[in-house]
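First up is the structure itself, then whatever we jot down about it.
The values are calculated or read from the model by the stated rules, or taken from the named source; none is laboratory data. Computed from a predicted structure; not experimentally measured. In this analysis, Cβ positions are derived from the backbone assuming ideal geometry, glycine residues included, and neighbour counts consider all displayed protein chains. In case anyone asks, the SASA skips ligands and DNA or RNA and just uses the protein heavy atoms, side chains included. Shrake-Rupley method; radii C 1.70, N 1.55, O 1.52, S 1.80 Å.
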Protein chains: 4
Amino acid sequence: MYVIVDFTVVPVGTGVSLSEYVAACEEVLAKSGLTYQLHANGTNVEGEWEQVFSAIRHCHETLHAMGVPRIHTDIKAGTRTDRAQSMADKLNSLKVKLG
Amino acid sequence: MYVIVDFTVVPVGTGVSLSEYVAACEEVLAKSGLTYQLHANGTNVEGEWEQVFSAIRHCHETLHAMGVPRIHTDIKAGTRTDRAQSMADKLNSLKVKLG
Amino acid sequence: MYVIVDFTVVPVGTGVSLSEYVAACEEVLAKSGLTYQLHANGTNVEGEWEQVFSAIRHCHETLHAMGVPRIHTDIKAGTRTDRAQSMADKLNSLKVKLG
Amino acid sequence: MYVIVDFTVVPVGTGVSLSEYVAACEEVLAKSGLTYQLHANGTNVEGEWEQVFSAIRHCHETLHAMGVPRIHTDIKAGTRTDRAQSMADKLNSLKVKLG
């Protein structure tokens, strides 16, 4: 099943700067081969359900290995059966509406 | 990796009543053998990462099979390495604080 | 506009134990006069939009005053115009479906 | 209190295409004067707490007025007291880490 996900990893029990953890997670995604896009408050990624959630699990494992004791992650997951749609399609259909 | 999850499945492109879908998803969880608890805005579930996210994928598959064309699901996933903790532990440590 | 909210406050840049912050936020809600219910992964609260989001802002202010430098909060907000519905109604209509 | 928010509005009880609602909500944000940025799975917006959550409420009101009977919205809200930070700052500090 194909899924489009937006997720935000929030390390807890560390310092206040989180960018090194975002960077480590970005490296996990780069190696995963999945299509992804960082934005100001999270990361969009799309692919097969198992691969996407394995990549997010791998982010957790990587951050725990870096010493993060506790992680809170928000995930928005979208699936649809009426038609195939990628993240690029979503933005394009929106651009048409916005003119 | 053990994970505590709160998730809310939002069917899109259906009628306004969602309780039959929540009930179908609850049946998936009951069959999964995972520990879970429904609340007013979602479901808490805990277990091994793969099993928990397989159960949520199974919810999507079940609802799509019922005719739901599009599903948006919110997930909050928590992992920690400093100590083992269940959902019951979380509520108990909170009750101590609240007196 | 009446809203049913589920929210989870995640303090960042503090220790790994969060229960004192959950307790402080619970006190804010208790004083707000809003109907709320804690669960294993967050708090359900309902009321007028302005009051509910003021209460969550007050949680942020209270935690920052306790020394938390950074806060990430997840919020799920539901409104409907087809009929009035409280959190208790939601759980009841679900119980009917679950038998 | 300054807040950086990512939010996703999910209309329930309508058709499967949501882009007209995203466009209507985008118009609300454009008129609000707040800084915002659409991405594949939601909208990032920043500003004073009251203004940001009023804009999101206005999105709900606008969509209900368009005939949407039920709306589920996910919101991630971030505040910090250690330093001022905009969404552009967040992306820049990340780019430094990513090289």
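Annotations
- From A:Ala88, A:Ala23, residue being within 24 Å of B:Val10 (Cα to Cα) and away from chain C (no Cβ under 14 Å): A:Ala88
- Filter result (farther than 16 Å from D:Ala65 by Cα, touching a strand residue (DSSP E or B) at 6+ places or on another chain (Cβ under 7 Å) and not in a helix (DSSP H, G or I)) within region D:5-37: D:Val5, D:Asp6, D:Phe7, D:Thr8, D:Val16, D:Leu34, D:Thr35, D:Tyr36, D:Gln37
- Restricting region A:38-58 to residues that are under 14 Å from A:Ile4 (Cα atoms) and part of a strand (DSSP E or B) leaves a set whose member that is farthest from the chain's Cα centre (by Cα) is A:Glu48.
- Whichever residue in region D:1-36 is within 8 Å of the chain's Cα centre (by Cα) and within 18 Å of A:Asp74 (Cβ to Cβ) and, among such residues, is surrounded by the fewest Cβ atoms within 10 Å (Cβ to Cβ): D:Thr8
- Residue count for region A:61-92, restricted to those that are open to solvent by 40 Å² or more (accessible area, probe 1.4 Å) and not charged (D, E, K, R): 8
- Residue list for region C:40-52, filter: more than 22 Å from A:Gly13 (Cβ to Cβ) and without any contact (Cβ under 8 Å) to a residue 24 or more places away in the chain: C:Glu50, C:Gln51
- Some residue of region C:68-82 being modelled with pLDDT of 95 or more, over 25 Å from C:Met1 (Cβ atoms) and assigned to a loop (DSSP other than H, G, I, E, B): yes
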